[in-house]
1. So, in the range 12-53, exactly how many residues are farther than 21 Å from PHE111 by Cα and either among the small types (Gly, Ala, Ser) or part of a loop (DSSP other than H, G, I, E, B) (or both)?
2. Restricting the search to the range 113-133, which residues are in a loop (DSSP other than H, G, I, E, B) and of a type in the set (A, V, I, L, M)?
3. Within the range 134-149, count every residue that is in contact with a helix residue (DSSP H, G or I) (Cβ under 7 Å, 6 or more places away or on another chain), among the charged types (D, E, K, R) and outside any loop (DSSP other than H, G, I, E, B).
4. Go through the range 25-61 and report how many residues are of a type in the set (D, E, K, R) and modelled with pLDDT of 95 or more.
5. Being open to solvent by 10 Å² or more (accessible area, probe 1.4 Å), in contact with a Leu (Cβ under 8 Å, 6 or more places away or on another chain) and not small (Gly, Ala, Ser) is the filter here, so list the residues in the range 8-57 that pass it.
6. From the residues in the range 66-100 that are assigned to a helix (DSSP H, G or I) and polar (S, T, N, Q), which one is farthest from ALA18 (Cα to Cα)?
7. Output yes when any residue across the range 121-138 is touching a Gly at 6+ places or on another chain (Cβ under 7 Å), at pLDDT 90 or above and of a type outside the set (A, V, I, L, M), and no when none is.
8. Can you spot a residue in the range 96-115 that is open to solvent by 20 Å² or more (accessible area, probe 1.4 Å), touching an Asp or Glu at 6+ places or on another chain (Cβ under 8 Å) and of a type in the set (A, V, I, L, M, F, W, C)?
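The values are calculated or read from the model by the stated rules, or taken from the named source; none is laboratory data. This structure is a prediction, so every number in the text was calculated from the model and none was measured. Methodologically, a virtual Cβ is constructed for each residue, glycine included, from the backbone with ideal geometry; neighbour enumeration extends over all protein chains shown. The area values use the complete protein model at the heavy-atom level, side chains included, leaving out ligands, DNA and RNA. Shrake-Rupley method; radii C 1.70, N 1.55, O 1.52, S 1.80 Å.
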Amino acid sequence: MNVEFINPFLSSLINVLATMAQTELTPGKPKVKKDEVAQGDVSGLIGMVGPQTKGSFSITFEENLALTIMERMLGERPDSINEDVTDMVGEITNMVTGGAKNLLGEKGYEFDMATPVVVSGPGHTITHKCDGPKLIMPFTSPDGNANIEVSFDKLA
């Protein structure tokens, strides 16, 4: 998978969380993901389709990190993942993908974004609707971990 295609998602995530939630994430080492089980408690998934390729992006947060981001963005910390938290994760998924879309557009890659889907609960799964490899990138923070997954069909 083309690093030029992945880096805009990493940059966008770091930027969105630093700007919107004063949260710094430290990127780990990417690897190919072989299964569909999410590495966290709440995930946002969004599909993308364009003339050159199609793919999907997901972000998964551990519960404590999601609750901390919610508290920093809105000033209230829920006791657990609820509808407000899943709405926030959907919105973050949208913002990160939108930021990546802008960065990729500067390089000549165009795509449309679907509406994000949010799934939560222990052991939930994420199914990417394309044939390319799934790349998972872990992020750590003092408040918990996050993972992004990116999968694209081969570029046309």
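1. Qualifying residue count for the region: 17.
2. ALA114, ILE126
3. Residues of the range 134-149 that are in contact with a helix residue (DSSP H, G or I) (Cβ under 7 Å, 6 or more places away or on another chain), as a first pass: 135, 137, 141, 143-146, 148.
Next cut, among the charged types (D, E, K, R) only: 143.
Imposing the further condition that a residue be outside any loop (DSSP other than H, G, I, E, B) reduces the set to none.
Going through the range 134-149 one residue at a time, the tally reaches 0.
4. 1
5. ILE14, GLU24, LEU25, PRO27, PRO30, LYS31, VAL32, LYS33, GLN52, THR53
6. Narrowing the range 66-100 to residues assigned to a helix (DSSP H, G or I): 66-74, 83-100.
Filter again for polar (S, T, N, Q), leaving 68, 86, 93-94, 97.
Working: THR68: 13, THR86: 19, THR93: 14, ASN94: 16, THR97: 16 Å.
Only one residue fits best here, namely THR86.
7. yes
8. No.
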